Amino acid sequence: MRALVRETELSTRHLVLPLFVCEGRRLRRPIGTMPGQFQLSVDELLKEASEAFALGVPAVILFGIPDKKDERASSSCGIVPKAVRVLKKELPELIVVADVCLCEYMSHGHCGIVHGGRVDNDATLPLLAKAALAYAEAGADIVAPSDMMDGRVAAIRAALDKAGLVEMPIMSYAAKFASAFYGPFREAAESAPRFGDRRSYQMDAANGEEALREVALDIAEGADIVMVKPALAYLDLVQQVKEKFGYPVAVYSVSGEYSMIKAAAAKGWVNEQSVVLEMMTAFRRAGADIILTYWAKDLASWLASPSSV
Ligand code: PBG
């Protein structure tokens with residue numbers, strides 16, 4: 001009878017699995033800060049994505065880990081397009097999202113070009129547009145800018161349109177906060193800033209109204225899906241964004257949310273499956289249509305056995 005009156009449905013069809021892809025072959029390097037997550041070479045990435053897809057996970061989002069970094073993110077068009085091509089060839093029905101950011105490819109670890117110790121917003125836009133176009137041309141189904149430079153959605157939209165990719169969807173990390181919850185990811189993607197922090201381009205956790213302005217701007221610039229990130233500590237914004245704009249809303253349940261539950265579960269302090277299902281249901285209740293989560297495969301298995309839900 002509970003199911004009969006349940007208001008919120010959590011289903012595998014909402015899930016996107018983040019994956020880290022690196023150069024090389026037969027590599028499956030465990031990420032110390034994120035138990036159960038790996039840096040994968042393209043062949044291993046294909047195995048992981050096939051497994052997820054077979055479980056019913058409809059989409060993955062790719063983060064590239066290049067061999068070489070410099071101050072112009074020259075390697076940003078290397079490993080991700082390669083991975084996209086392989087995934088789309090072998091698993092054409094899998095939705096492949098390409099994260100668009102420069103921090104993984106920059107020697108200093110910032111998301112944009114640095115001039116005189118500061119991130120230069122406008123000088124960064126052409127590089128982001130170039131990367132997004134390369135991913136789209138490789139066959140990505142969605143590009144997802146996560147850099148938080150102002151004007152990047154417009155720049156990417158213009159580059160895609162100019163190349164004739166007028167139907168290419170953009171999922172923008174619209175309200176992305178400067179968050180300590182990204183800590184474990186920065187080990188995973190080897191993208192910690194070498195100096196300073198990301199507070200000049202990512203948002204202040206205290207600012208909800210500003211988050212709504214950021215979302216409005218991204219929509220005006222051409223975003224098709226808007227994201228709130230992190231998820232757990234920002235559900236008020238998920239709800240407001242959904243109510244105010246009525247757009248498809250994504251939430252990114254980030255590395256810190258994953259690692260803290262993994263750590264507590266390893267100690268036997270919380271039941272991993274129960275807390276994760278509760279947390280994901282809360283994302284849906286708040287209004288999220290799409291959930292990016294490192295638990296996507298586990299969730300697919302859990303949701304497949306009705307006794308667990
Ligand atoms: C890149 C990016 C980050 C995350 C996604 N894209 C890190 C950051 O902004 O420092 C975080 C994801 C996670 O913590 O799981 N800009």
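The values are calculated or read from the model by the stated rules, or taken from the named source; none is laboratory data. Keep in mind that what you see is a predicted model, and the values were worked out from it rather than measured. Neighbour counts are summed over all protein chains in view; Cβ atoms, including those assigned to glycine, are modelled from backbone coordinates with ideal geometry. Note: areas computed on protein heavy atoms with side chains; ligands, DNA, RNA excluded. Shrake-Rupley method; radii C 1.70, N 1.55, O 1.52, S 1.80 Å.
For the chain, modelled as a GNM with alpha-carbon contacts under 10 angstrom, which of 200, 259, 76 fluctuates the most?
Looking only at 200, 259, 76, the biggest GNM fluctuation is shown by 200.
Mean Kyte-Doolittle of at least 0.5 and a Cα length of 18 Å or more along the axis: which whole DSSP H helices of the chain meet both?
Details: long enough: 42-55 (20 Å, 0.36); 121-138 (26 Å, 0.54); 208-221 (20 Å, -0.05); 272-286 (21 Å, 0.09).
Helices meeting the criterion: 121-138.
Would you mind classifying the chain by shape? Square roots of the alpha carbon gyration tensor eigenvalues, ordered a ≥ b ≥ c; an a/c under 1.5 is rounded, otherwise it is prolate if a/b is larger than b/c and oblate if not.
It is rounded, given that a/c, with a ≥ b ≥ c, falls under 1.5.
In nm, to one decimal, how far is the modelled label at residue 209 from the one at residue 43, with both set 7 Å along Cα→Cβ?
Going from the residue 209 label point to the residue 43 one covers 5.7 nm.
Using a 1.4 Å probe on the protein chains only, how many percent of the accessible area of the chain belongs to carbon and sulfur? Spell out each step's value before the answer.
Working: 7000 of 13440 Å².
Exposed carbon and sulfur together represent 52 percent of the surface.
Chymotrypsin sites (Phe, Trp or Tyr not before Pro) within the range 208-271: which are DSSP loop residues with at most 11 other Cβ atoms inside 10 Å? Present the calculation step by step, with values, prior to reporting the outcome.
On the way: sites: 234, 245, 252, 258, 269; in loops: 269.
Of the chymotrypsin sites (Phe, Trp or Tyr not before Pro), the ones in loops of the range 208-271 whose Cβ has at most 11 other Cβ atoms within 10 Å are 269.
Can you tell me which of 147-158, 28-39 comes out highest on packing, and rank the rest after it, using the mean Cβ neighbours within 10 Å? List each step's numbers first, then the result.
Numbers: 147-158: 21.9, 28-39: 16.8.
Answer by packing, highest mean first, reads 147-158, 28-39.
Starting from 0.36 nm per residue, how many nanometres of slack lie between residue 2 and residue 197 once their C-alpha separation is accounted for? Kindly include the intermediate steps, with their values, before the conclusion.
Numbers: separation 195, 0.36 × 195 = 70.20 nm, distance 4.66 nm.
Length difference between fully extended and current span is 65.5 nm.
Considering the dipole of the chain built from charges on the beta carbon (Lys and Arg +1, Asp and Glu -1) around the Cα centre, which of 102, 52, 14 is farthest to its positive end?
Looking along the dipole axis, the top candidate is 52.
Want the number for residue 158 to residue 263: 0.36 nm per residue separation, take away the alpha-carbon distance, what's left?
Details: separation 105, 0.36 × 105 = 37.80 nm, distance 4.35 nm.
Answer, rounded to one decimal: 33.4 nm.
For the chain, what is the mean residue ellipticity at 222 nm derived from helices alone (per DSSP H run of n ≥ 4: -39500 (n - 2.57); sum divided by total residues; nearest 500 deg cm²/dmol)?
Details: 11 runs with 126 residues, N = 309.
Computed mean residue ellipticity for the chain: -12500 deg cm²/dmol.
Can you pick out the pairs among 68/176; 47/130; 47/68; 262/297; 130/162 whose Cα atoms lie more than 18 Å from each other? Mind dumping the intermediate values first?
Numbers: 68/176 27 Å; 47/130 29 Å; 47/68 25 Å; 262/297 15 Å; 130/162 12 Å.
Distance filter (> 18 Å) returns 68/176; 47/130; 47/68.
How large is the dipole of the chain about the Cα centre if only Lys and Arg carry +1 and Asp and Glu carry -1, each at its Cβ, rounded to the nearest 20 debye? Could the numbers behind the result be given before it?
Numbers: 34 positive and 39 negative charges, 121 e Å.
My answer is approximately 580 debye.
So how much slack lies between residue 216 and residue 239, counting 0.36 nm per residue of separation and subtracting their Cα-Cα distance, in nm? Intermediate results must be reported in sequence, preceding the final value.
Values: separation 23, 0.36 × 23 = 8.28 nm, distance 1.47 nm.
Extra length from residue 216 to residue 239 when fully extended: 6.8 nm.
Taking only C-alpha pairs under 8 Å that are 6+ residues apart, what is the relative contact order of the range 12-308 in percent? Don't jump to the answer; show the numbers that get you there.
Values: 602 pairs, mean separation 55.2, N = 297.
Once divided by the residue count of the range 12-308, the mean separation gives 19 percent.
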